[in-house]
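Nothing in this text is a laboratory measurement; each read-out follows from the coordinates by a stated rule. Here the structure is a predicted model, which means the values were calculated and not measured. Using ideal geometry, Cβ is built from the backbone for each residue, glycine included, and neighbour counts are taken over all protein chains shown.
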Amino acid sequence: MTEPQREWFEKDYYKVLGVAESASGKEITKAYRKLARELHPDANPGDSVAEERFKEVSAAYDVVGDEEKRKSYDDVRRMGPTSAMFGGGGPGGGSFNVGFDDIGDLLGGLFGRSGGGRAGGRQQQTSRAQQGADLETELSLDFADAVNGIETEIHLTSEATCSTCNGAGSAPGSAPTRCGACDGSGMQNDNQGFFSMSRPCGQCGGRGSLITDPCPTCRGSGGEVRPRDVKVRIPAGVKTGQKIRLKGRGGPGRYGGPPGDLFVKVRVKDHTLFGRQGRDLTLEVPITIPEAVLGADISVPTLGGEMVKMRIPAGTASGRTFRLRGKGGDAGDLLVTATVLIPDHLSDEQRAAVESFAAASPGSPRSHLEV
Ligand SMILES: [Zn+2]
Ligand SMILES: [Zn+2]
């Protein structure tokens with residue numbers, strides 16, 4: 001017989017919670033919340049009787065508050081421990097922890113099962129340290145800042161390390177005490193015949209320590225949701241959709257676990273003039289027919305705002321691209337594509353000029369295509 005089964009067989013959790021065996025899940029939860037509030041260590045400082053009752057109530061709710069465990073529990077109570085054990089289900093990996101997770105769920109309402117991420121639920125808890133959840137936030141960047149890089153601040157409201165206890169979970173001035181049930185290891189062994197199973201300590205929920213005086217801000221969870229500013233250095237050349245990882249700036253770790261990471265997803269605003277190609281900038285520059293034919297010195301803008309001179313060589317075809325080295329911001333080049341403007345309306349004078357140019361240009365450029 002396993003320890004929890006013996007416990008199940010011997011203890012009337014319904015009585016502990018003051019509900020009928022036929023009570024609905026809702027009624028059980030309601031009864032538990034009421035009792036837990038009354039018996040909570042915060043409300044009864046130094047009252048060891050209330051604390052014992054609180055643990056009992058939590059342990060009871062841990063079983064009958066869970067539909068599947070409640071079924072197994074009812075089976076154990078009805079048929080005896082062993083038959084129920086082979087009857088499927090059973091206590092399995094259930095943890096009988098009276099933990100401050102529960103308190104956090106109940107009174108803080110912010111953490112626990114809603115957190116997601118790597119934080120995990122209290123039922124899966126197998127080791128005491130838990131890494132904080134990874135968080136993601138978005139940052140909109142001006143084109144120039146994305147090209148050149150920038151150091152900026154992000155404002156976000158999220159789970160963060162509790163500012164009162166610095167994540168420790170204990171009220172300032174107090175410290176968690178070593179769990180006596182598991183001697184600080186967080187694990188307990190069940191020895192029965194061939195099997196020896198390890199499970200998280202029922203007293204401390206696998207943490208190895210007990211918070212005797214919970215932090216008033218976070219109620220012992222070590223985390224709180226609050227607005228915060230996070231400095232971020234955006235490297236030069238980021239593109240829309242890229243994520244910048246800020247190690248350790250995500251959700252707070254629990255029970256000594258490391259914090260998660262914060263991912264900053266970048267969105268870069270378009271520029272009216274410039275585009276990007278790799279780490280270079282692109283710019284389209286219209287030129288006239290005479291400029292294309294005869295060549296010209298022209299001025300083009302750069303991202304920094306100043307104009308730079310460049311030479312359009314005589315005989316430049318429309319679409320030809322020139323590379324202006326180092327003019328693209330952050331060590332990139334500026335790729336200038338010249339587009340020859342073909343006028344769709346001509347003055348009489350222009351028409352005469354083009355006609356005389358045609359007259360002076362005998363022969364066909366397509367002679368090589370004739371068969
Ligand atoms: Zn705190
Ligand atoms: Zn323990």
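Things worth noting here:
- Residue match in region 195-210 (condition: closer than 30 Å to Ala146 by Cβ, within 28 Å of the chain's Cα centre (by Cα) and within 16 Å of ligand 1 (Cβ to nearest atom)): no
- Residue in region 301-313 that is within 23 Å of Gly275 (Cβ to Cβ), in a loop (DSSP other than H, G, I, E, B), touching a strand residue (DSSP E or B) at 6+ places or on another chain (Cβ under 8 Å) and not hydrophobic (A, V, I, L, M, F, W, C) present: yes
- Residue count for region 279-332, restricted to those that are more than 21 Å from Val147 (Cα to Cα) and either among the hydrophobic types (A, V, I, L, M, F, W, C) or touching a Lys or Arg at 6+ places or on another chain (Cβ under 8 Å) (or both): 14
- A single member of Arg267, Arg249, Arg207 is outside any loop (DSSP other than H, G, I, E, B) and at negative phi, and it is Arg267.
- Within the option set Ala60, Ala36, Ala50, Ala23, being surrounded by fewer than 19 Cβ atoms within 10 Å (Cβ to Cβ) and within 30 Å of Ser174 (Cα to Cα) holds for one residue only, Ala50.
- Looking across region 213-249 at every residue that is away from ligand 1 (no atom under 16 Å from the Cβ) and in contact with an Asp or Glu (Cβ under 6 Å, 6 or more places away or on another chain), the one that is nearest to Gly332 (Cα to Cα) is identified as Ala236.
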